[in-house]
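The structure under discussion appears below in the form of structure tokens.
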Amino acid sequence: MFRRFILISVFLAGGFLSGQKNTSDFDLELESQNSAIKKLREEIKKTRNRINSEIKKEKSAARRITNLAEEISLVERLVVEIKKEESLLIQDISRSERQIAVGENELDSLRIRYGRRAVKIYKRGTLSNLEKILSSTSWRQAVYRGKYLKIISEIDRQTHAEIRTLLIEIGQQKLNLQAVLRKKGRLKKEREQKIAELKSSKRKKNRELAKIRQSKQELSSYLLEKQAGVEQLAAIIKQIQEDKARFERAERIRRQQALFNTKDFRELEGKLIWPASGRITSKFGRQWNPKLKTTTENPGIDIKGKPGTPVHTILGGIVTTITFIRGYGTTIIIDHGGGFYSVYSHVTKVSTNVDSEVQVNDIIAYMGDSGSISGSQLHFEIWGRGQKLDPEKWLIAQ
């Protein structure tokens with residue numbers, strides 16, 4: 001009986017330690033998610049302050065729509081991150097409920113066992129330990145009785161301690177559960193508020209879009225916004241290339257290529273998968289604009305598709321950037337090693353994070369109209385050693 005009790009205690013202790021480790025890992029994940037949400041909230045606040053300061057002096061519909069698109073992009077990302085945290089909290093609630101149930105079952109078991117022992121003692125009488133030893137018929141029996149009583153006393157002490165510990169743990173777990181439930185409620189309320197904000201901002205954006213489509217002057221202003229975005233993207237790519245972290249990324253990409261037996265980017269010309277399904281509406285290079293009767297330089301290709309069409313990675317690599325770029329909207333940049341990068345713009349519902357490792361054909365976002373005046377599309381670019389490359393030459397021929 002004593003050995004069985006000890007084994008149960010050791011098993012419980014081991015389970016408790018394992019639970020602690022899982023809890024610690026889970027808490028770190030929650031903390032990381034909470035940090036991501038906090039950063040996005042701060043970024044939204046700064047962006048709104050900047051936009052508000054521009055409102056009085058800014059008359060261009062193109063600039064207003066860029067500001068609206070930037071705000072929409074940030075709020076959409078915040079909604080996605082809130083949903084992720086809500087999902088983690090639901091898991092945390094389930095885990096806490098399971099822990100409480102296990103603790104309460106063990107508490108019931110200990111109480112029943114302790115109660116049975118109390119009943120047996122009551123039925124057999126209440127001789128003192130000294131009387132039990134003195135009533136022994138031999139010296140050997142007295143010694144055994146003394147040892148036995150010492151063991152029983154230790155078991156009683158441990159049982160008391162176990163019951164006390166379980167009561168404290170269960171109480172704390174219930175308090176934690178209540179706190180998590182309150183936090184989940186607050187997040188749900190904030191998510192609903194942000195979704196309402198998104199709908200309002202999108203209505204404003206559509207009104208500004210109508211102005212741009214009806215006015216050559218506004219369309220010309222939008223193209224200037226897009227040109228500023230081209231320069232902004234080039235600056236970001238240059239910064240990525242000069243970033244000290246590129247050496248560490250290069251090593252991670254080499255390990256990834258070795259693990260998945262992936263070829264080097266430069267060996268895959270004409271063999272890369274398409275980033276999204278749809279039709280090309282604007283090719284790489286100089287493009288004629290019939291409305292403005294001007295030519296513009298397209299640094300990539302534009303793929304027209306249904307809203308919500310999945311956007312896939314063309315090859316494995318590491319996500320270096322998720323940002324908003326004027327005229328491009330929400331943009332993801334992936335480092336594929338060897339100085340090659342792929343760029344995915346106008347996306348929504350981003351499902352990856354900066355510094356995440358991705359594999360070929362992973363869904364990283366969905367096609368949207370962020371920063372676009374032509375509806376749902378994907379703007380896609382490939383950069384090789386600081387140069388813009390024609391994506392169609394690298395993708396599998398259709």
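The values are calculated or read from the model by the stated rules, or taken from the named source; none is laboratory data. Everything numeric here is computed off the predicted structure, so don't read it as measured data. Glycine gets a Cβ as well: all are built from the backbone with ideal geometry, and neighbour counts include every protein chain shown. Please note that ligands, DNA and RNA were not included when accessible areas were found on the heavy atoms of the full protein model with its side chains. Shrake-Rupley method; radii C 1.70, N 1.55, O 1.52, S 1.80 Å.
Brief remarks on what is shown
- Subset tally (residues that are of a type outside the set (D, E, K, R), open to solvent by 30 Å² or more (accessible area, probe 1.4 Å) and either farther than 17 Å from VAL80 by Cα or assigned to a strand (DSSP E or B) (or both)) for the stretch 330-369: 6
- Restricting the stretch 154-168 to residues that are surrounded by 14 or more Cβ atoms within 10 Å (Cβ to Cβ) and under 14 Å from ASP108 (Cα atoms), the residue that is modelled with the lowest pLDDT: THR159
- Qualifying residue in the stretch 310-318 (condition: open to solvent by 20 Å² or more (accessible area, probe 1.4 Å) and at pLDDT 95 or above): yes
- Within the stretch 265-302, the set of residues being of a type in the set (Asp, Glu) and at pLDDT 90 or above comprises GLU267, GLU269, ASP302.
- Among the residues of the stretch 347-362, those that are of a type outside the set (D, E, K, R) and either over 20 Å from GLU392 (Cα atoms) or modelled with pLDDT under 95 (or both) comprise THR348, VAL350, SER351, THR352, ASN353, VAL354, SER356, VAL358, GLN359.
- Condition broken by ALA101, with the remaining ones in (1) at pLDDT 55 or above; (2) surrounded by 14 or more Cβ atoms within 10 Å (Cβ to Cβ) satisfied: (2)
- For the stretch 307-318, filtering for residues that are in contact with a helix residue (DSSP H, G or I) (Cβ under 9 Å, 6 or more places away or on another chain), among the small types (Gly, Ala, Ser) and assigned to a loop (DSSP other than H, G, I, E, B) leaves 1.
- Only one of LEU259, LEU268, LEU272 that is under 21 Å from PHE340 (Cα atoms) and loosely packed, with under 13 Cβ neighbours inside 10 Å: LEU259
- Where VAL180 falls short, out of the listed (1) within 18 Å of VAL343 (Cβ to Cβ); (2) touching an Asp or Glu at 6+ places or on another chain (Cβ under 6 Å): (1)
- Per-region count, the stretch 319-329, residues surrounded by fewer than 24 Cβ atoms within 10 Å (Cβ to Cβ) and either of a type in the set (Val, Ile, Thr) or outside any strand (DSSP E or B) (or both): 6
- Checked across the stretch 200-223, the condition of being on the phi < 0 side of the Ramachandran plot, aliphatic (A, V, I, L, M) and at pLDDT 85 or above holds for no residue.
- Selection of the stretch 284-306 for residues being open to solvent by 50 Å² or more (accessible area, probe 1.4 Å), more than 24 Å from ASN361 (Cβ to Cβ) and in a loop (DSSP other than H, G, I, E, B) yields PRO290, LYS291, LYS293.
- Residue pairs whose Cβ atoms lie under 6 Å apart, separated by 6 or more positions or on different chains, with the first residue in the stretch 27-44 and under 20 Å from ASN176 (Cα atoms) and the second open to solvent by 90 Å² or more (accessible area, probe 1.4 Å) and of a type in the set (D, E, K, R), do not occur.
- Subset tally (residues that are under 14 Å from ALA276 (Cα atoms) and either aromatic (Phe, Trp, Tyr) or surrounded by fewer than 22 Cβ atoms within 10 Å (Cβ to Cβ) (or both)) for the stretch 370-396: 5
- Of all the residues in the stretch 174-212, those that are basic (Lys, Arg), closer than 18 Å to ILE100 by Cβ and loosely packed, with under 12 Cβ neighbours inside 10 Å number 1.
- Test: ILE240 is out of contact with any Phe, Trp or Tyr (no Cβ under 6 Å at 6 or more places or on another chain), in a helix (DSSP H, G or I), at pLDDT 90 or above and surrounded by 14 or more Cβ atoms within 10 Å (Cβ to Cβ): yes
- In this structure, GLU248 does not satisfy being open to solvent by 30 Å² or more (accessible area, probe 1.4 Å), charged (D, E, K, R) and assigned to a loop (DSSP other than H, G, I, E, B).
- Residue match in the stretch 48-58 (condition: closer than 30 Å to GLY185 by Cα and modelled with pLDDT of 65 or more): yes
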